Amino acid sequence: GLNMDFFLCVIGMVMVVEGIPYFAFPAKMKGWVEKILEMPEGSLRRVGLVLMISGVFLVYLGKR
């Protein structure tokens with residue numbers, strides 16, 4: 001249906017955006033991944049929560 005097509009489109013866009021830094025700056029990304037691995041889990045959880053809330057807000061703005 002329409003919702004599934006839209007969902008697949010969104011997932012595809014997310015994958016493209018996520019892939020850009022790995023493709024463009026592979027050496028820098030390795031450094032960032034090492035930093036992420038050193039972060040405490042609580043900090044990562046907060047970053048993830050902020051990213052999810054921001055994403056929902058952007059979707060809300062886009063769908064208005």
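The values are calculated or read from the model by the stated rules, or taken from the named source; none is laboratory data. All figures in this text were calculated on a predicted structure; none of them were measured in a lab. Ligands, DNA and RNA are excluded from the accessible area calculation, which covers all protein heavy atoms including side chains. Shrake-Rupley method; radii C 1.70, N 1.55, O 1.52, S 1.80 Å.
So the values come out like this:
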item	result
The chain - accessible surface per residue (Å², probe 1.4 Å)	95
Added length on full extension, which subtracts the Cα-Cα distance from 0.36 nm per residue, V47 to F7	12.1 nm
Solvent-accessible area, 1.4 Å probe, carbon plus sulfur percent, for the chain	74
Cα-based reach from K28 at 15 Å (exclusive), listing aspartates and glutamates while leaving out same-chain residues under 8 positions away	E18
Degrees separating the helix 2-24 axis from the principal Cα axis of the chain, which is the longest one	30
Rounded tilt (10° steps) of 26-38 against the dominant C-alpha axis of the chain	80
